[in-house]
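Take a look at the structure below.
The values are calculated or read from the model by the stated rules, or taken from the named source; none is laboratory data. Small disclaimer: the values here were computed from a predicted structure and weren't measured. Please note: Cβ atoms are built from the backbone with ideal geometry, for glycine as well, and neighbour counts cover all protein chains shown. Protein only, heavy atoms only, side chains kept; ligands, DNA and RNA dropped before computing areas. Shrake-Rupley method; radii C 1.70, N 1.55, O 1.52, S 1.80 Å.
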Amino acid sequence: MISSTRAHQLRGAKHVVVFTGAGASAESGIPTFRDALTGLWEHFDPAKLATSDAYRDDPALCWGWYEWRRHKVVKAQPNEAHRAIADLAKRVPKLTVVTQNVDDLHERAGSQDVIHLHGSLHSPRCIDCGKAYTLPFTPEALPEDGSRIDPPRCTACHGYVRPGVVWFGEMLPEDAWSAGLAAAEECDVFLSIGTSGVVYPAAELPLRALGHGATVVHINPVRFDISGREHFLQGPASVLMQGLLSEAFGDLSAQ
Ligand code: NAD
Ligand code: ZN
């Protein structure tokens, strides 16, 4: 039994927001930020590697890190949590998926109109003129530890191509941020799944939802401090999301 109160609230919700972080993709084998700092990158701080300064200082080191991560994503499959989230869209009047993840596993599980607050590993662009760059579908096969890779050059101005993600210190894409904020302020249930809640402004969304009267539920195997008005379900996203859906909506295989 997950929590019949939470299941009941989910069943009665008019608009659910699912807000995901790296933990939602962890069970697909995509490392969370901390875990991504292995091998060649183990001595780096993600807050330093994922910046425009880091890229300009050492483009091959930085681009190699992103290509190593893209390689992992291309090889990975969506997990039960991604699938349960896509399934939830069929069971509630309105569902908005807002993710901090830069992978495409929600989309590959069937979620539509996913709001990507932090961009995507799959949409690189020129660092100078902004022109989009098409990467080969399959990234270069990389050693387990990763390697340095020279970034490709822009076909228009010969500038370096940079990853299509939001780096620390950069603004979030305005459309994504305003859509995420509007959904958080409108929803009645806000599920925050697999996020450590330390990266701002994204981490503001659960607070905005709470401030507008939503039931906020955190799903994470590692407990952290929350206010007395929020709820915590402790455990892996796959198990808890499947459990929550089957408690709220009954035998899923029969529907
Ligand atoms: P984070 O790495 O800071 O935190 C991950 C959270 O997931 C932790 O709280 C951890 O306890 C939890 N977790 C681990 N396994 C889980 C599981 N099976 N089920 C549920 N939760 C689990 O990630 P964050 O909060 O997303 O913020 C850091 C930044 O990292 C974000 O900006 C994001 O863009 C980026 N990031 C994205 C990816 C990706 O796209 N898959 C991967 C790594 C980092
Ligand atoms: Zn260019």
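Figures for the structure shown
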item	result
Pair list, Cβ < 9 Å and 6+ apart or interchain, from the stretch 89-117 residues that are under 20 Å from Ala182 (Cβ atoms) to residues that are basic (Lys, Arg)	Val92/Arg11; Val92/Lys14; Pro93/Lys14; Lys94/Lys14
Residue within the stretch 136-154 that is more than 11 Å from ligand 1 (Cβ to nearest atom) and within 14 Å of the chain's Cα centre (by Cα) present	no
Selection from the stretch 28-53 of residues that are at pLDDT 90 or above and in a helix (DSSP H, G or I)	Ser52, Asp53
Lone qualifier among Leu105, Leu135, Leu88 - being in contact with a Pro (Cβ under 8 Å, 6 or more places away or on another chain) and open to solvent by less than 10 Å² (accessible area, probe 1.4 Å)	Leu105
Test result for Leu207, open to solvent by 40 Å² or more (accessible area, probe 1.4 Å) and either modelled with pLDDT under 95 or not assigned by TED's automatic domain parsing to the domain that holds Tyr55 (or both)	yes
Residue within the stretch 187-200 that is open to solvent by 10 Å² or more (accessible area, probe 1.4 Å), more than 11 Å from ligand 1 (Cβ to nearest atom) and modelled with pLDDT under 95 present	no
Failed criterion for Phe249 (all others in (1) closer than 21 Å to Gly180 by Cβ; (2) surrounded by 15 or more Cβ atoms within 10 Å (Cβ to Cβ); (3) out of contact with any strand residue (DSSP E or B) (no Cβ under 8 Å at 6 or more places or on another chain) hold)	(1)
